[in-house]
Amino acid sequence: MVIAKTIPRVRQEIARAKTKGKKIGFVPTMGALHQGHLSLILKAKKECDYVVASIFVNPLQFGKGEDLKRYPRNLSRDLRLLYNEHVDMVFYPNAKMMYSKDASTYVEETDLSKRLCGKFRPGHFKGVCTVVAKLFNIVSPDTTYFGRKDYQQAKIIERMVHDLAFPVKIKIAPIVREKTGLAMSSRNEYLSGESRKKAAGIYKALQNAKYSCRKKVTSGRLTRQIKKDIITSIPTAKIQYIEIVDPETLKPLKSIKSRALIAVAVYVEKVRLIDNIIV
Ligand code: AMP
């Protein structure tokens, strides 16, 4: 497994693989890897000939007061996991190299980014789009893999790729969950054992909502039901949002007549957890 820290090194390896006709698969991550990340790696390994993973905690996508400094980092464990999955190259740049002091160019998607998490995390998706665009230019993958756990992020990247004609295919993979149902996330490590158990209530609430959707139901009523379910299982939870939206435009729906995305962001013990379900 090649561990590349610089752009020329990545490009050299990719050029070599491409001359051999290999299809490049790419999985961008912020590290602190878990089975959710590894499911993307596995899919990439199945579908591509040469798989690159990046590990980069991107400062540009963290707002003031967010957890950039304390975001979990565990490089040696991550490298071991990637090595075990036979990843071909890990790109592990540092922030100085990714963003020079005089950098003044950003990539911003301006429609989907305003919805859901975008309302509460100004600049977040601009940071995501900028780093992903740069990573695409460095790795030049044929196919890249994102998780449905970050549904809005995946849709924004799809839009960016379409709007700017990046020559890359996007694949979106299902959410991997802990045994309890809690969506796997690097941030789950912040939770105490007790809260981690209780946090499974978020998924239970989403599943109940999916069940309620078998009949026609208004978004208002469904939202109230989800809120009640979450608070019942996690009394200390602070709900940031519960939204029922069109899965393509992310615009709010008044009632559920066909496919809808239910997305939630909830603070449990000051840890921001997101989850979603398609109904
Ligand atoms: P992150 O390291 O949190 O930036 O995530 C890197 C990639 O892994 C993103 O495409 C995420 O959507 C994806 N991912 C994170 N958690 C999960 C999960 N539980 N199931 C599936 N994909 C995930």
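Does any residue of region 101-114 turn out to be of a type in the set (A, V, I, L, M, F, W, C), farther than 24 Å from A4 by Cα and surrounded by 12 or more Cβ atoms within 10 Å (Cβ to Cβ)?
There is at least one residue in region 101-114 that is of a type in the set (A, V, I, L, M, F, W, C), farther than 24 Å from A4 by Cα and surrounded by 12 or more Cβ atoms within 10 Å (Cβ to Cβ).
Could you check T19 against (1) away from the ligand (no atom under 16 Å from the Cβ); (2) in contact (Cβ under 8 Å) with a residue 12 or more places away in the chain and say which number it fails?
That leaves (2) as the condition not met.
Given the conditions (1) in contact with a strand residue (DSSP E or B) (Cβ under 6 Å, 6 or more places away or on another chain); (2) of a type in the set (S, T, N, Q); (3) over 20 Å from R115 (Cβ atoms), and given that Q225 satisfies all but one, which numbered condition is not satisfied?
Just one mismatch for Q225, condition (1).
Which of the residues that make up region 1-16 are of a type outside the set (S, T, N, Q) and without any contact (Cβ under 8 Å) to a residue 12 or more places away in the chain?
Within region 1-16, P8, R9, A15, R16 meet the criteria.
Before we move on, is Q35 touching a His at 6+ places or on another chain (Cβ under 9 Å) and surrounded by fewer than 22 Cβ atoms within 10 Å (Cβ to Cβ)?
So Q35 fails the test.
Considering each of I55, I24 in turn, give the residue that is within 13 Å of the ligand (Cβ to nearest atom) and more than 17 Å from A173 (Cβ to Cβ).
I55
I need the full set of residues from region 111-153 which are in a loop (DSSP other than H, G, I, E, B) and more than 15 Å from the ligand (Cβ to nearest atom), in order please.
If we filter region 111-153 for residues that are in a loop (DSSP other than H, G, I, E, B), which is where we start, we get 111, 115, 120-123, 140-142.
Selection gives D111, R115, F120, P122, G123, S140, D142.
Only the coordinates and a few stated rules stand behind these numbers; no lab work does. Quick caveat, the model's predicted, so the values are computed rather than measured. Glycine also receives a Cβ, built like all others from the backbone with ideal geometry; neighbour counts cover every protein chain displayed.
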